[in-house]
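A.B. asks: Questions regarding the structure given below will be posed in turn.
None of the figures in this text is laboratory data; all of them are computed from the coordinates on show. Because the structure is a prediction, the values reported are computed rather than measured. Because the Cβ atoms are built from the backbone with ideal geometry, glycine has one as well, and the counts that use them run over all protein chains shown.
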Amino acid sequence: MIITIESVLMPLIDYIKKYYNGNQASFARLTGVQPAQVTQWLDKKFIVVDHTLYSPRRKLGT
């Protein structure tokens, strides 16, 4: 994945609000997963970059 200045990055919940009018069940159905899976993704703070879903792996040291 290459993130550029033009890349759009947002938390999954914001993506669902923007593109699915906040309807998590509709997002799940159109993504081909059960609503419970969406809940897990939200709980785990998944993000969307350029319409692709990503999961955090670990915090990096500073």
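A.B. asks: Label the chain by shape, choosing from rounded, prolate and oblate, from the square roots a ≥ b ≥ c of the eigenvalues of the Cα gyration tensor; if a/c is under 1.5 it is rounded, and otherwise prolate applies when a/b is larger than b/c, oblate when it is not.
C.D. replies: Numbers: a/c = 2.31, a/b = 1.43, b/c = 1.61.
Oblate, since a/c reaches 1.5 and b/c is not below a/b.
A.B. asks: Continuing with the same structure: What's the ranking of 29-42, 47-60, 12-25 by average number of surrounding C-beta atoms within 10 Å, highest first? Walk me through the numbers before you get to the answer.
C.D. replies: Numbers: 29-42: 13.3, 47-60: 10.4, 12-25: 15.1.
Put in order of decreasing packing, that is 12-25, 29-42, 47-60.
A.B. asks: Under 15 Å from the Cβ of ILE13, count the other residues' Cβ atoms, weight Lys and Arg +1, Asp and Glu -1, and hand me the total.
C.D. replies: Details: positive: LYS17, LYS18, LYS44, LYS45; negative: ASP14, ASP43.
After counting each charged neighbour, the total is +2.
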